[in-house]
Amino acid sequence: MTTQAPIIHASHLSKIYTTESLETIALDDVSFDIFKGEFVAIMGPSGSGKSTLMHIIGALDVPTHGTYEIDGQSVSHLSDDKLAQIRNTKIGFIFQAFNLLPRTSSIKNVMLPLRYAGLPIAEREERAKKYLEMVGLGHRLYHMSNQLSGGQQQRVAIARGLAMDPALLLADEPTGNIASAQAEGIMAIFQEIHQHGHTIVMITHEPDIAAHAGRIITIKDGKIIEDKINHHPTLAKKDTVGQ
Amino acid sequence: MEEIKELIIESFGTLAINKLRTGLAVLGIVIGIGSVIALVSLGQSTQQAIQNQIQSLGSNLLTVQPGSQNAGAVRGASGGGQTLTLADAQAIATSPMITTIKYVSPELTQRGQMTTGKTNTNIQIVGATEAYAIVHKVTIDTGVFISSLDDASMNKVVVLGPTVVTNLFPDSDPVGQTVRIGNTSLRVIGVTTAKGGTGFQNQDNLAYVPLSTAQNILFGQQYLGSIALEANTADVMTDAQNEVGYFLLDRHKISDVTKADFSIFSQQDLINTVSATTGTFTTLLSGIAGISLLVGGIGIMNIMLVTVTERTREIGLRKALGAKKKTIITQFLIESVILTFIGGVIGILLGVLLSYVYSLVTSSTFAVSVESILLAFAVSTVIGVIFGWYPANRAANLQPIEALRYE
């Protein structure tokens with residue numbers, strides 16, 4: 001732990017969904033800080049509120065109560081466009097279903113957030129190549145996304161998440177749709193980029209996937225029930241299958 | 001600009017994925033724009049054809065027609081009166097008060113049956129003087145036109161239009177032969193060249209006889225059907241109209257202009273009337289074509305709504321990666337504008353082709369104005385924006401969480 005300002009500062013976050021007569025409390029007074037360079041797993045069964053938390057961390061949604069800051073920027077009362085800008089510059093998303101643009105090459109997929117940031121084409125290509133090489137897909141730059149295996153698609157998504165060099169890499173069940181052999185490879189990449197100094201928050205319901213992280217926050221019924229340092233994270237073997 | 005260019009390239013890629021759907025969406029616009037272009041140009045070429053026709057009847061031309069005669073409370077039919085006489089025509093020709101008129105052509109026209117004994121045909125029989133050929137730009141193919149001598153001597157001669165020749169003398173030279181109108185035998189002295197074209201009446205299905213012959217022998221009527229006048233120049237048409245008008249009022253001893261027993265109109269009056277009429281029809285037809293364009297636009301909107309629904313997850317992803325509302329709106333607007341623009345281009349080609357074919361079939365002028373093409377481009381683009389606006393906004397307002405979850 002360092003004494004510098006946290007990348008993520010969540011203070012008394014609540015999220016209440018209101019339908020006609022029913023109030024559902026998805027998040028109930030959740031507070032935590034995440035510092036630069038941490039690899040945090042947020043664990044919890046389905047319905048525990050971890051997805052809601054992920055949406056707030058990802059600036060896809062705003063909390064009903066409490067304050068949420070990412071990289072010193074409060075997101076509680078921002079317009080849709082301002083939130084889009086924060087997602088673009090500060091957060092790299094990795095989704096369970098990869099969410100690559102169909103019939104689009106790997107490099108074009110990785111270039112997408114760079115385009116929304118308004119970078120010139122030459123720089124987009126250069127950066128996209130660099131990150132695709134980093135996830136071991138330097139030889140698949142111009143393959144269409146639907147021609148790649150699940151593991152390869154998720155690597156493209158990781159490269160896309162890293163492309164803007166964000167303050168936070170936010171992964172939502174990153175291995176959920178991948179064969180276990182390839183999942184190991186994905187976790188190896190996470191650990192590698194963690195070692196490069198990136199901050200990673202990973203949402204998962206699988207304890208053995210969470211075990212790769214250096215800190216595990218467990219939530220249940222919208223509350224944090226455990227927040228512990230994992231002193232001996234599982235070391236994932238770099239796989240070669242997916243390449 | 002760079003961003004727009006990228007979006008355009010991307011949109012072409014997206015639209016190429018579902019070619020059938022794209023094609024069908026475009027088709028509505030093709031039909032709409034195509035029919036507008038075709039109908040507008042059809043209207044214009046018809047208008048042009050009619051104007052040319054009227055112009056070919058003679059420029060600087062004024063026509064005096066007998067007006068209605070009011071006998072007590074009974075108002076006679078316009079044009080059917082018996083108020084113009086040869087004396088009127090001669091007075092116009094000789095009076096020193098008339099300075100703007102070059103030629104005077106007194107005329108009397110009736111329909112009649114002409115026969116050679118073997119075949120016969122129903123034609124317009126025009127009682128004409130020498131001036132007729134000049135005023136109405138009638139030229140002679142073979143033989144001669146009616147001379148002043150023919151008129152003075154009440155000669156039983158006739159000049160035939162080419163259609164009459166085709167009908168009555170398909171195989172032989174008519175000049176020198178004899179035709180009959182009623183009981184009167186007439187010697188053919190000439191054939192006019194074809195004036196051709198279509199119009200209200202066939203300018204070639206005519207026969208000309210000396211006016212005196214027509215009045216005294218054929219029709220037995222001393223009145224004139226009309227007096228055609230050729231003004232000195234096109235500039236003095238209005239003066240000439242006034243000059244002749246007041247001259248005739250004076251001759252007919254009428255002091256109140258509104259009670260004139262004749263009317264004078266120029267070719268320009270006729271052209272204006274016809275243009276106004278065809279213009280109205282063109283507008284009406286374009287309006288109907290415009291409705292199909294509207295339907296095409298609704299088709300585009302429908303397709304775009306389907307596209308937005310199908311691509312909900314993609315939109316969610318784009319928003320998650322930082323696409324602003326404006327970016328999403330622009331992306332979908334560009335797609336719909338590309339659809340309508342392609343439709344517009346094909347529609348213009350189709351419309352021009354149709355009007356070209358029409359001009360070939362009817363041997364009329366091929367008239368497609370640059371304005372209507374530019375307008376079609378503009379309209380198709382505007383339709384893309386208007387009908388793409390709602391789907392694009394719907395896409396832009398999707399919440400990223402909901403959109404990413406969408407199955």
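The residue of segment A:60-86 that is farthest from the other protein chains (Cβ to nearest Cβ), among those that are among the acidic types (Asp, Glu) and touching a residue at least 24 places away in the same chain (Cβ under 8 Å), is A:GLU69. Looking across segment B:335-363, the residues that are buried (at least 22 other Cβ atoms within 10 Å of the Cβ) and of a type outside the set (Asp, Glu) come down to B:SER336, B:VAL337, B:LEU339, B:THR340, B:GLY343, B:GLY344, B:GLY347, B:ILE348, B:GLY351, B:SER355. Mind listing just one residue for me: the one in segment A:87-96 that is out of contact with any Asp or Glu (no Cβ under 7 Å at 6 or more places or on another chain) and facing chain B (nearest Cβ under 8 Å) and, of those, surrounded by the most Cβ atoms within 10 Å (Cβ to Cβ)? Only one residue tops the list, namely A:ARG87. Looking only at residues in segment A:105-138 that are of a type in the set (Ser, Thr, Tyr) and more than 8 Å from chain B (Cβ to nearest Cβ), the one that is farthest from B:ILE329 (Cα to Cα) is A:TYR131. Does B:GLY296 qualify as being away from every other protein chain (no Cβ under 14 Å) and at pLDDT below 95? Spelling it out, B:GLY296 is indeed away from every other protein chain (no Cβ under 14 Å) and at pLDDT below 95.
I'd like to check something: does segment B:211-221 contain any residue that is in a loop (DSSP other than H, G, I, E, B), touching an Asp or Glu at 6+ places or on another chain (Cβ under 8 Å) and surrounded by 14 or more Cβ atoms within 10 Å (Cβ to Cβ)? Among the residues of segment B:211-221, not one is in a loop (DSSP other than H, G, I, E, B), touching an Asp or Glu at 6+ places or on another chain (Cβ under 8 Å) and surrounded by 14 or more Cβ atoms within 10 Å (Cβ to Cβ), which makes the answer no.
Taking the criterion of being away from every other protein chain (no Cβ under 14 Å) and surrounded by fewer than 22 Cβ atoms within 10 Å (Cβ to Cβ), the residues of segment B:306-332 that qualify are B:VAL306, B:THR309. Here B:VAL138 qualifies as touching a residue at least 12 places away in the same chain (Cβ under 8 Å) and in a loop (DSSP other than H, G, I, E, B). Would you check if there is a residue in segment A:119-129 being surrounded by fewer than 23 Cβ atoms within 10 Å (Cβ to Cβ) and in contact (Cβ under 8 Å) with a residue 40 or more places away in the chain? No. I'd like the full set of residues that are of a type in the set (D, E, K, R) and part of a helix (DSSP H, G or I), limited to segment A:68-107. The answer is A:ASP80, A:ASP81, A:LYS82, A:ARG87, A:LYS90. Based on this model, can you work out whether B:ALA87 counts as aliphatic (A, V, I, L, M), exposed (fewer than 14 other Cβ atoms within 10 Å of the Cβ) and at pLDDT below 85? No; evaluated as a whole, the condition is false for this residue.
Per-residue answers, yes or no, for (1) of a type in the set (Asp, Glu); (2) at pLDDT 90 or above; (3) touching a strand residue (DSSP E or B) at 6+ places or on another chain (Cβ under 7 Å):
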| site | (1), (2), (3) |
| --- | --- |
| B:VAL138 | no, no, yes |
| B:ASP141 | yes, yes, yes |
| B:SER147 | no, yes, no |
| B:ALA152 | no, yes, no |
| B:VAL159 | no, yes, yes |
| B:PRO162 | no, yes, yes |
| B:VAL165 | no, yes, yes |
| B:LEU168 | no, yes, yes |
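The values are calculated or read from the model by the stated rules, or taken from the named source; none is laboratory data. Please read these numbers as outputs of a predicted model, since none were measured by experiment. Here Cβ is always computed from backbone atoms with ideal geometry, including for glycine, and neighbour counts include all displayed protein chains.
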